[in-house]
Amino acid sequence: MTRHRGNSRAAWCIAALLSLSAGVARAEPSADQAAAAEALFREGRELVAQGKLAEACPKFAASQRLDPGYGTQWNLADCLERLGRSASAWAAFREAADMASRAGQADREAKATRRAADLEPKLERLSIAVSAPADGLVVRRNGAVLDAGAWGAALPVDPGKHRVEATAPGKKPFSVEAQTAGPGKVVTVEVPPLEDDAAATAAAAPPQRGGAAEPGPAAPPAGDGDGGAGTRRTLSFVAGGVGVAGVVTGSIFGLVASSRWNRAQDEHCRTRTLCDGQGVALVDDARRAAALSNVGFVVGGIGLAAGVALFVTSLGGDERLPREQPARIVVTPAVGLAGGGLELQGRF
């Protein structure tokens, strides 16, 4: 059996002209597409003759997608009906009738309409009812999204089992398999209110300020639950150690400076500024030692001041305790050519 390609082409031309007048145009298939469609159509007819309907119907569908024609659509609808897919066949016959109507072929339109009408009492229907739709709810039937406008409608489906799924952000998914009940019967699937999914909500929630997900300061050492007082106390000891080392260094160089200066004045200088060669050398050594002593005392003073300040603030780490005046420490280096020292003044 041929596909009546000549009539199909004429019908296509008429349909194209009508579509253009309505503002919608359909491109004519290429030669390759037309050849492939013809081959698929013939293969489908051979499979029908062999009784292999399950293999024949997809061939007709593929041919129709490549080069739509009434003959292919009719054979597809007839194949689906013989395969037992009543709803798909009913929709295919209605499409064939619509194609014939657009082409002005009244006899073909009447033939396809009659076949669709014969199938309508045999249709099995499925209704998916949604009583409490969640925000962003998506309902699928056999994997295809069902428009919200179709919820609750008794829609024709092919006989057999159909999977209904419902999903929404932050909710646990729902799924059920529904079995049709026979010709003319309607099966209703109720989609219940979806339960909250705590895991999905937590994963989707943005990190909260101060929460574990937000980078922040390093956690205090174990046992330091007093607002960082323990850390400050430890740092105070470190700073104090540096300060003591600086003071010791300054004291040593201060003693060296004092010794060299006194020796120069006692043995090699007639006045503070009039000295022999060895006296001049001793005075220079005394000045260099005094400079290093000054550096040592400055570093030591800063270290001691920082250590004392950190220690005092660690004692007052609980901000809920009243304090009349904050602790105050003043460290003043006292360094001369003959030696050095520190003067500390404070209020606690």
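Remarks
- Backbone geometry of the range 173-178 corresponds, through the Karplus equation with coefficients 6.51, -1.76 and 1.60 at θ = phi - 60°, to 3J(HN,Hα) couplings of x, 10, 8, 7, 10, 10 Hz, x marking Gly and Pro.
- Database remark: amide H of V189 closer than 5 angstrom to the amide H of S127, I128, A129 (H placed geometrically; neighbours at sequence offset of 5 or more, or on other chains; Pro and chain starts carry no H).
- Of the peptides 237-248, 35-46, the ranking by mean beta-carbon count within 10 Å, highest at the top, reads 35-46, 237-248.
- Additional length obtainable on full extension of the chain from A49 to R163, 0.36 nm per residue less Cα span: 37.8 nm
- Order by protection proxy (mean Cβ within 10 Å, highest first), peptides 50-61, 167-178: 50-61, 167-178
- Each of N142 and D32 was given a label point 7 Å from its Cα along the Cα-to-Cβ line. The distance between the two points is 3.2 nm.
- A132 paired with S175, simple spin-label distance in nm, labels 7 Å along Cα-to-beta-carbon: 2.4 nm
- The range 117-192 - Rg and Dmax from Cα coordinates, angstrom: 12.9, 46
- At full extension, A202 and E267 could sit 14.8 nm farther apart than now, given 0.36 nm per residue minus the alpha carbon distance.
- Cα gyration tensor category, rounded, prolate or oblate, for the range 55-213 with a/c compared to 1.5: prolate
- Amide H within-cut-off set for A134, under 5 Å, with H built and near neighbours excluded: L194
- Taking all protein chains together, L83, L76, L235, L315 sort by accessible area into L315, L235, L83, L76, largest first [probe 1.4 Å].
- Of the listed residues R102, R114, the order by accessible area with a 1.4 Å probe, largest first, is R114, R102.
- Phi-based couplings in Hz for the range 159-171 (Karplus 6.51, -1.76, 1.60; Gly and Pro marked x): x, x, 8, 9, 8, 10, 10, 9, 9, 7, x, x, 10
- Theoretical gain in end-to-end length, R82 to K185 [0.36 nm per residue, Cα-Cα removed]: 35.0 nm
The values are calculated or read from the model by the stated rules, or taken from the named source; none is laboratory data. For clarity, every value in this text was computed on a predicted model and none was experimentally measured. Here Cβ is always computed from backbone atoms with ideal geometry, including for glycine, and neighbour counts include all displayed protein chains. These accessible areas exclude ligands, DNA and RNA; they are computed on the full protein's heavy atoms, side chains included. Shrake-Rupley method; radii C 1.70, N 1.55, O 1.52, S 1.80 Å.
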